[in-house]
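The values are calculated or read from the model by the stated rules, or taken from the named source; none is laboratory data. What you are looking at is a predicted structure, and each value in this text was computed from that prediction instead of being measured. Glycine also receives a Cβ, built like all others from the backbone with ideal geometry; neighbour counts cover every protein chain displayed. Just so you know, the surface numbers come from the protein's heavy atoms only, side chains and all, with ligands and any DNA or RNA stripped out. Shrake-Rupley method; radii C 1.70, N 1.55, O 1.52, S 1.80 Å.
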Amino acid sequence: MNELLNNKSVIVAKSYQFALDIIKVQKDLSSKREYVLSKQLLRSGTSIGANINEATASPSKKDFVNKLSIASKEARESLYWLNLLHDTGFIDQQSFQLLSNKSNELLKILSSIILTIREKYLLKEDEEGYVEPNS
């Protein structure tokens with residue numbers, strides 16, 4: 001079993017499993033000759049975990065939050081592509097429900113982490129967003 005699935009970080013493991021699920025769906029969609037939307041879903045769905053993994057190596061809390069914010073945007077984009085694929089009949093209700101639930105779960109976890117870090121460590125705002133305290 002892959003080390004990312006056994007990771008102590010829930011968000012790392014869940015985002016990796018979501019990427020695996022997305023890859024399976026994309027393979028199925030390719031066999032149905034649907035290439036454009038499925039490639040977009042593949043890109044956004046696998047990018048979530050990649051950005052989360054990048055965040056774990058961030059040199060600052062601000063960079064950490066920025067990377068997780070990108071992951072959150074990718075999860076939202078994945079929901080968009082899932083809805084399009086579902087509404088056009090390329091994926092069935094069961095697959096759609098499973099993947100949209102997983103994407104929404106990732107969004108909730110990411111939002112919670114981002115909010116906690118911002119409240120705890122990033123005290124004041126500047127023009128670009130949040131900055132770290134000088135301590």
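Protection proxy ranking for 38-51, 82-95, using the average of other Cβ atoms within 10 Å per residue and placing the highest first: 38-51, 82-95.
When the charge dipole of the chain is built from unit charges on Cβ atoms (+1 for Lys and Arg, -1 for Asp and Glu) and taken about the Cα centre, the candidate among I22, N66, L122 whose Cα reaches farthest toward its positive end is I22. Each label point was placed 7 Å from the Cα along the Cα-to-Cβ direction; for K24 and Q97 their separation is 1.6 nm.
A Förster distance of 30 Å, applied to the separation of the beta-carbon atoms of T88 and V10, puts the FRET efficiency at 0.40.
Between D63 and S31, what's the calculated FRET efficiency when r is the beta-carbon distance and R0 is 30 Å? Round to 0.05.
0.15
For Q17 and K39, the difference between the fully extended length at 0.36 nm per residue and the C-alpha to C-alpha distance is 6.1 nm.
Just read off the accessible area of Y16 with the full protein assembly in place, 1.4 Å probe, to the nearest 10 Å². Result for Y16: roughly 60 Å² accessible. Against the main long axis of the alpha-carbon atoms of the chain, helix 10-31 sits at an angle near 30°. Over the residues of the chain, the helix contribution to mean residue ellipticity at 222 nm works out to -25500 deg cm²/dmol, using -39500 (n - 2.57) for each DSSP H run of at least 4. When the pairs K14/K39; K24/K73; K24/K102; K14/K102 are compared against a 18 Å limit on Cα-Cα distance, K14/K39; K24/K73 fall above it.
In a simple Cβ point-charge model (Lys, Arg +1; Asp, Glu -1; nothing else charged), the range 12-81 has a dipole of about 60 debye relative to its Cα centre. Computed on protein heavy atoms with a 1.4 Å probe, the accessible areas place F18, F64 in the order F64, F18, largest first.
Were the residues from N104 through I117 laid out at 0.36 nm apart, the gain over their Cα-Cα distance would be 2.7 nm.
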